[in-house]
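Undergrad: Sharing a structure here in structure tokens format.
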Amino acid sequence: MRIGIVGLGNMGLGMAGWLAGTGAAVTGFDLHGPSVAAALDKGVTIAGAVAGVAAPVVILSLPQERAVEAVLAALLPAMEKGAVVVDTSTLDPLAARRFHALAATMGVDYLDAPVSGGPAGAAAGTLAMMLGGEAAAIERARPVLERMAAKIIPVGGPGAGQVAKLVNNLLVATHLAVAAEALRMGQAAGVEVAALLPVVNAASGRSAATEVNFPRWIASGAFDSGFSAGLMRKDVRLALGLAKAVGAKLEACGAAAALWEEADIADAADFNRVPAAILAGEAA
């Protein structure tokens, strides 16, 4: 099985290494030297240019729309008709629809396929993948998708996967912010977070924020999830832009989004630093 992958950052490197470990012939490309070296160590072949990763299925794991656009301009002419681009980047749904149309002019299928599960899920092949695109293209890519994701969830046509990812990440950002506020209240009333979390997680107030983020990365002080505050802010802004475009009011989620923007936490920091700052009363 030949697979190409462009973008060997925290997520892309994990996916590439896992796929190579399953016996697939994986060719990758990245502009960042340390990422290239790490991929070589995991058995990934490195191409000298984007076009060199052309394969029946090519995965993209890129930070923003303009990077995807630049990569597609170089990649699509090198791909055979009937090949599939699986774009795991988180983007504006309108951009995903535009990329789908662009790929179609070259006889290539484009799937918007954002993922959930973080670097650990990428490295273990346990991601959840939300797919937007043609059903036939999903089936052609399925042998690769099943190697890299534990949950493959077709959502609808082009752009639908991105809509689902923005809904998910807006909820994540909101859950983290409101959980931090509620825990701060309990702490102020004399009950420590370590005592509150088992109660919340045994009752109906639980969420991934309280079950995973707080114990694993916040209360522990680890802050090593591999996902940055800047990336979460980007996703929240995309969600706010989508809400504006479709006329959806975001009163509660909008208030939480404002906390992410206002928190005095650098974009490069782990995203769990933001709810930690809210918990400590350092973000209003």
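Undergrad: At 1.4 Å probe size, put Asp92, Asp267 in order of accessible surface, largest to smallest. If you can, show how the numbers build up before the last one.
TA: On the way: Asp92 55, Asp267 80 Å².
Solvent-accessible surface, decreasing: Asp267, Asp92.
Undergrad: May I pose another question? Sequence gap of 8 or more, or different chains, plus Cα separation below 20 Å: how many lysine pairs satisfy both in the chain? Could you put the intermediate results ahead of the total?
TA: Details: Lys151/Lys165; Lys165/Lys234; Lys165/Lys244; Lys165/Lys249; Lys234/Lys244; Lys234/Lys249.
Value for the chain: 6.
Undergrad: Please go through segment 78-133 and write out the trypsin sites (Lys or Arg not before Pro) that DSSP classes as loop and that have at most 13 other C-beta atoms within 10 Å. Write down the numbers at each step before the final one.
TA: Values: sites: Lys81, Arg97, Arg98; in loops: Lys81.
Filter output for segment 78-133: Lys81.
Undergrad: On to the next question. Hey, can you find the accessible area per residue of segment 2-157 for me, probe 1.4 Å, expressed in square angstrom?
TA: Values: 6170 Å² over 156 residues.
So segment 2-157 comes to 40 Å² accessible per residue, rounded to a whole number.
Undergrad: Can you put Thr27, Thr105 in order of accessible area, largest first, using a 1.4 Å probe?
TA: Sorted by accessible area, descending: Thr105, Thr27.
Undergrad: Follow-up question, since we're still on this one. Taking R0 as 45 Å, what's the FRET efficiency between Ala49 and Ala252 from their Cβ-Cβ distance, rounded to 0.05? Mind dumping the intermediate values first?
TA: Numbers: r = 47 Å, r/R0 = 1.04.
The computed FRET efficiency comes out at 0.45.
Undergrad: Shape of segment 101-257 from its Cα gyration tensor (a ≥ b ≥ c, root eigenvalues): rounded if a/c is under 1.5, otherwise prolate when a/b > b/c, or oblate?
TA: Numbers: a/c = 2.78, a/b = 1.75, b/c = 1.59.
Taking the square roots of the gyration eigenvalues as a ≥ b ≥ c, segment 101-257 is prolate.
Undergrad: In what sequence, largest accessible area first, do Lys244, Lys165, Lys42, Lys151 appear using a 1.4 Å probe?
TA: Numbers: Lys244 175, Lys165 15, Lys42 105, Lys151 130 Å².
Of Lys244, Lys165, Lys42, Lys151, the descending order of accessible area is Lys244, Lys151, Lys42, Lys165.
Undergrad: Here's something else I'd like to know. Of Ala137, Gly281, Gly247, which is farthest along the charge dipole of the chain in the positive direction, counting Lys and Arg as +1 and Asp and Glu as -1 at C-beta?
TA: After comparing all options, I get Ala137.
Undergrad: Right, something else. Could you work out how far apart the two model spin labels at Ala73 and Asp224 are, taking each label as a point 7 Å from the Cα in the direction of the beta carbon, and quote it in nm?
TA: Going by the 7 Å Cα→Cβ label model, 3.9 nm.
Undergrad: Can you list the HN-Hα couplings for segment 124-138, worked out from phi with the Karplus curve (6.51, -1.76, 1.60; θ = phi - 60°), rounded to whole Hz and with x for Gly and Pro?
TA: Karplus values, whole Hz, x for Gly and Pro: 10, x, 10, 5, 9, 10, 9, 10, x, x, 6, 4, 5, 5, 4.
Undergrad: Next up: Would you calculate the separation in nanometres between label points at Leu171 and Ala189, each defined as 7 Å from the Cα along the Cα-to-beta-carbon direction?
TA: Reported label-point gap for Leu171 and Ala189 is 2.7 nm.
Undergrad: Over segment 214-284, what percent of the accessible surface lies on carbon and sulfur atoms, probe 1.4 Å?
TA: Values: 1980 of 3540 Å².
Carbon plus sulfur share of accessible area: 56 percent.
Undergrad: Within a Cβ distance under 12 Å of Ala239, other residues only, what is the Lys/Arg minus Asp/Glu net charge?
TA: Values: positive: Lys165, Arg233, Lys234, Arg237, Lys244; negative: Asp92, Asp235.
Result for the local shell: +3.
Undergrad: Using a simple charge model, +1 on the beta-carbon of Lys and Arg, -1 on the beta-carbon of Asp and Glu, nothing else, what dipole does the chain show about its Cα centre, in debye to the nearest 20? Spell out each step's value before the answer.
TA: Details: 20 positive and 24 negative charges, 103 e Å.
Using only the charged Cβ atoms, the result is roughly 500 debye.
Undergrad: Within a Cβ distance under 9 Å of Gly107, other residues only, what is the Lys/Arg minus Asp/Glu net charge? Can you show the working numbers first?
TA: On the way: positive: Lys81; negative: Glu80, Asp109.
Its environment carries a net charge of -1.
Undergrad: Hey, if you put +1 on the Cβ of every Lys and Arg and -1 on every Asp and Glu Cβ in segment 163-280, which of Leu197, Ala164, Ala208 ends up farthest toward the positive end of that dipole?
TA: Ala164
Undergrad: Nearest 0.05, what FRET efficiency do Ala182 and Lys151 give at R0 = 30 Å with Cβ-Cβ as r?
TA: Details: r = 29 Å, r/R0 = 0.96.
Calculated transfer efficiency: 0.55.
Undergrad: Still on this structure, I have one more. Where does the chain land on Rg(C-alpha)/(2.2 N^0.38 Å)?
TA: Working: Rg = 19.6 Å, N = 284, 2.2 N^0.38 = 18.8 Å.
Rg over 2.2 N^0.38 Å, computed on Cα atoms: 1.04.
The values are calculated or read from the model by the stated rules, or taken from the named source; none is laboratory data. Because the structure is predicted, anything quoted here is derived from the model rather than measured. Cβ atoms come from the backbone with ideal geometry, glycine included; neighbour counts cover every protein chain shown. In case anyone asks, the SASA skips ligands and DNA or RNA and just uses the protein heavy atoms, side chains included. Shrake-Rupley method; radii C 1.70, N 1.55, O 1.52, S 1.80 Å.
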